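Written out below as C-alpha cells is the structure these notes cover.
Please treat every number below as a calculation from the coordinates, not as lab data. In this text, all values refer to a predicted model and were calculated from it rather than measured experimentally. Counting neighbours? That spans all protein chains shown, and the Cβs are built from the backbone with ideal geometry, glycine included.
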Amino acid sequence: MAKQEIEVAGAKRQIKITPFEHHTKYHETDQQGIIHTSNYANWLEDARMDLMEQMGLGFRQMLDMEISSPIVSSSIEHRSAIKFDETVIIDTKLISYDGHEMEIAYRIYDKATGEDRAVARTVHCFVNKAGIPISMKRAYPELDTKFFEFK
C-alpha cells in the first residue's frame, strides 16, 4: 500500500498504514470447514478499528469524546472460500468522507498466496451519545481535519 502524507502542525510526516492480519479459528467454520460468512462483519470491524487507530482516531478516543460511527450500509463480494487455520490480510482504505459519513473499502486476501478472498465496503455515519447524527466539521473540527488529510 502506498504511503500517505498528512500535514501535522506545519510539518509533513509519512504515515504507512499496516494491513490488518487475522488467523482463522476453528469456531469460525461451518460444517464444511469453511469460514462462515457471519464472521466477515467482525473482521471488517476489527480492520476498521485498526485503521482508525493508525489514523490517530482510536475507537476509545472517539468513545471518550462520546462519538460513535455506526454502520449505515455494508456490502461484501466473496471471491473464494477461507478455511480454518489460514491467515488473511485485510487492506483498508478510507475512500470518502464528507463530515457526516465515511466510506471504507476492504480487500481480504490470503497471506500465503495473495489470492483475493473477498472485497467489501462499509458506510458509517457519526452520532453523539444520544444517537443523534452530528457534523464532525462543526462538532469536532480537529478530527474533521484528520479525516480530510487522510482521505
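A few remarks follow.
- Charging the Cβ of each Asp and Glu at -1 and of each Lys and Arg at +1, and nothing else, the dipole of the chain about its Cα centre rounds to 320 debye.
- For the chain, modelled as a GNM whose springs connect Cα atoms under 10 angstrom apart, the maximal fluctuation among ILE89, ILE132, ILE34 occurs at ILE132.
- Highest-MSF residue in the chain out of GLU101, GLU21, GLU66 [GNM, Cα springs under 10 Å]: GLU66
- Convex hull projection area averaged over all views, the chain, Cα basis, nm²: 9.7
- Too-long pairs where the Cα-Cα distance tops 24 Å, listed order kept, from LYS111/LYS146; LYS25/LYS129; LYS93/LYS137; LYS25/LYS146: LYS111/LYS146; LYS25/LYS129; LYS25/LYS146
- Sequentially through region 87-92, phi angles give Karplus couplings (6.51, -1.76, 1.60; θ = phi - 60°) of 10, 10, 10, 10, 7, 10 Hz, Gly and Pro residues having no value and appearing as x.
- Comparing THR87, THR113, THR122 in a Gaussian network model of the chain, where Cα atoms under 10 Å apart are tied by springs, the biggest mean-square fluctuation is seen for THR113.
- Helix 38-54 and the long axis of the chain differ in direction by around 40°, with both axes built from C-alpha atoms.
- Cβ-based charge dipole, the chain, positive-most Cα from SER80, THR92, ALA118: THR92
- Close amide H pairs (under 5 Å, H built 1.01 Å from N) link GLU101 with no residue at least 5 positions away or on another chain.
- Note that region 104-112 has calculated 3J(HN,Hα) couplings of 10, 9, 10, 10, 9, 9, 6, 5, 6 Hz, one per residue in order, obtained from phi through the Karplus relation 6.51 cos²θ - 1.76 cosθ + 1.60 (θ = phi - 60°); glycine and proline are x.
- Local electrostatic count, THR87, Cβ distance below 9 Å [Lys/Arg +1, Asp/Glu -1]: -3
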